[in-house]
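J.: Input: one structure, supplied below.
Coordinate-derived values only; no laboratory data. These numbers come from a predicted model, not from an experiment. Cβ coordinates were reconstructed from backbone atoms using ideal geometry, including for glycine residues, and neighbour counts include every protein chain displayed.
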Amino acid sequence: MTNKFKVFSMFDGVGGFIVGLNRANKIAGNDFYKTTYTNQFEPGRKSQDAYEVGLVKYPEANHSNTDIMEVPNSYFDEMKDNGINMIVGGFPCQDYSVARSKKFEKGIEGKKGVLFWEIIRAVKHIQPKYLVLENVDRLLKSPSKQRGRDFAIMLAAFDQLDYSVEWRVINAADYGRAQRRRRVYFFVYKNDSGWGEHINDNYSKPDDINNILELDAHTYDEYIYKEGLFAQKFPIKQVAYKGREHSEKLSLNYTRDDGSDYILDVSDNFTGKVWNTGVMRYGQYFTVDTEPIRENPETLGQVVQVAKEAFVKDYSNKAEGERAYTEYIDNYVIKDEERLKKFAYLRGPKKLERTSADGHKYTYAEGGMSPFDSLDLPGRTMLTSEGSVNRSTHLIKQDDKFRTITPMEAELLQDFPPNWTKYEKNSDGEVVEVSDRMRMFFMGNALVTTIIKRIGEQLSVIDKKFN
């Protein structure tokens, strides 16, 4: 059986999307998703460790370590020729405002958010049926002076290529996982796909997309609350939180056929509201502030126990494994009193006098947090600073000792297999161990792979039903 979807993983990291989709194959069918191309490049770093982990985990894939901004169009054309029909990726969150050249020519290159435009470039050449993307949830409110503009630009860019976008902010702990990690997920699909045509038939497809009249704000209620991909796999309460709902055309002056004028107008003039759930079709978006129907989460204590069992299992003798585990954990116990005091200070309340760049003095206040992380709750959001002495670093207490979490525990908080990032293949072709600090950095950048698994499962249902 040939693969139903051949996948290109952009901004691949250490393969979180691949892990999730491969797990979805257990329900979708063993050959449903197959990632055949990846691109991973860490700017500003001589060492490309995440890419080198990918070489170990998926040696059969076509891996690229070239800056995505430097790859030629032929790179994407080759993918199209080789059957790539789905793109996934967790792209960096930056400034997506639209730039103009010094000669005031119009263009759609972001000032800093150029990496998103690389997704658009890839879409233009590959013409995938679907995309699944991930970003930080603050994207929906950025920038602070024109909230929602960056996200609206993205919606307009996909609309211009004849795609629809469904989105949802998902906190992994709300749906049973062991980390309180909020991220916005996009499901992007071609309007002429089977799913797109189904939505056209059952909701609304304008006769002339360039003269679409503004639809009622509740046109897509059934889709948002019940029928959409996210509604099916991540159930929500069937009423808007505090009545927050909104519908609006992305641009009141231009349509997708007006070239760069459309996106420039959105960049300059967008003033709409964007909530945590919604859908955009044919230039109009419908959005609702929704509440999850929560599932009982796993806890940090359960993660610690699973990590211990995985460690001990590698030893033929359980008693030997237990002894080795005790010695291993001792490496993460904080024995330096000054370091403990530093953690106590960072996690405690404080008021600090600071001076701004223009000389203005102000007081910076920070509330206190628990002196250590509860093993009875899901973990907090991991950041790339996890491996350092930092306010955000997880600190746990066991047997009256304080310690940081291990790389394996960090991997399990993101639903990766234990020791997923332990080895990399360096530039000399040698398989070597990855440092703990780098493994923590990987996990701070990663996503909760079970969320992708669930998205992949529901996407397979949609595609099989409406192919």
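J.: Report, to the nearest 10°, how far helix 337-347 tilts away from the longest principal axis of the Cα atoms in the chain, using its own Cα long axis and a range of 0 to 90°.
T.: In the chain, helix 337-347 runs at an angle near 30 degrees to the longest axis.
J.: Give me the number: length gained by fully extending residue 244 to residue 127, i.e. 0.36 nm times residue separation minus the C-alpha to C-alpha distance, one decimal in nm.
T.: Working it through step by step, the gained length comes to 38.7 nm.
J.: Then there is this: Hey, quick one: spin label on residue 162, modelled 7 Å out along Cα-Cβ, who in the stretch 119-152 has an amide N within reach, i.e. under 13 Å?
T.: 124, 127-129
J.: How high is the relative contact order of the stretch 300-404, in percent, with contacts defined as C-alpha pairs under 8 Å that are six or more residues apart?
T.: Answer for the stretch 300-404 is 26 percent.
J.: Please compute the net charge surrounding residue 23, taking Lys and Arg as +1 and Asp and Glu as -1 over other residues with Cβ under 12 Å from its Cβ.
T.: Counting the neighbours of residue 23, the net charge comes to +1.
J.: Another question, if that's okay. Hey, quick one: spin label on residue 271, modelled 7 Å out along Cα-Cβ, who in the stretch 279-303 has an amide N within reach, i.e. under 20 Å?
T.: Taking a point 7 Å out along Cα→Cβ of residue 271, the residues of the stretch 279-303 whose backbone N falls under 20 Å are 284-287.
J.: Can you grab the distance from the C-alpha centre of the stretch 35-86 to the C-alpha centre of the stretch 119-164, Å, no decimals?
T.: 21 Å
J.: Let me ask you something else. Treating only the Cβ of Lys, Arg, Asp and Glu as charged (+1, +1, -1, -1), what charge dipole size does the stretch 300-404 show about its Cα centre? Round to the nearest 20 debye.
T.: In debye, rounded to 20, the stretch 300-404 gives about 400.
J.: Taking Cα atoms, how many degrees apart are the long axis of helix 436-445 and the longest axis of the chain, rounded to 10 and kept between 0 and 90?
T.: The angle comes out at about 30 degrees.
J.: Cross-chain or 8 or more residues apart, Cα under 22 Å: how many lysine pairs in the stretch 300-404 fit that? Count them up, please.
T.: So the count works out to 16.
J.: Could you give the nm distance between label points at residue 232 and residue 437, where each point is 7 Å from its Cα heading toward the beta carbon?
T.: My value for the distance between the label points is 4.6 nm.
J.: Can you compute the FRET efficiency between residue 422 and residue 344 using 1/(1 + (r/R0)^6), with r the Cβ-Cβ distance and R0 = 30 Å? Round to the nearest 0.05.
T.: With R0 = 30 Å, the Cβ-Cβ based efficiency is 0.45.
J.: Give me the extension gain from residue 192 to residue 376: residue separation times 0.36 nm, minus the current Cα-Cα distance, reported in nm with one decimal.
T.: Answer, rounded to one decimal: 61.5 nm.
J.: So which GluC sites (Glu not before Pro) in the stretch 415-467 end up in coil per DSSP with only 15 or fewer other C-beta atoms within 10 Å?
T.: Sites meeting the loop and neighbour criteria: 430.
J.: Rounded, prolate or oblate: which fits the stretch 300-404 when a ≥ b ≥ c are the square roots of the eigenvalues of the alpha-carbon gyration tensor, with rounded for a/c under 1.5 and prolate only if a/b beats b/c?
T.: Because a/c hits 1.5 or more and a/b exceeds b/c, the stretch 300-404 counts as prolate.
J.: Also: Under a Cβ-only charge scheme (Lys and Arg +1, Asp and Glu -1), can you give me the dipole magnitude of the chain about the Cα centre, in debye to the nearest 20?
T.: Computed charge dipole of the chain: roughly 1140 debye.
J.: So what is the calculated 222 nm ellipticity per residue for the chain, using -39500 (n - 2.57) for each DSSP H run with n of 4 or more, over all residues, to the nearest 500 deg cm²/dmol?
T.: -10000 deg cm²/dmol
J.: Separate question: With the crude spin-label approximation of a point 7 Å out along Cα→Cβ, what separation in nm comes out for residue 136 versus residue 30?
T.: Between residue 136 and residue 30, the label points sit 4.2 nm apart.
J.: Spelling out what I want: for every residue of the stretch 278-287, take phi, set θ = phi - 60°, compute 6.51 cos²θ - 1.76 cosθ + 1.60 (Karplus), and round to whole Hz; glycine and proline get x.
T.: My calculation for the stretch 278-287 gives x, 8, 10, 9, 6, x, 10, 10, 10, 9 Hz in order.
J.: While we're looking at this one, here's another question. Ranked highest first by average number of other Cβ atoms within 10 Å, how do 438-446, 407-415, 365-373 line up?
T.: Listed from highest to lowest mean packing, they are 407-415, 438-446, 365-373.
J.: With a 10 Å radius around each residue's Cβ, average the other Cβ atoms per peptide and rank 256-262, 279-285, highest first.
T.: 279-285, 256-262
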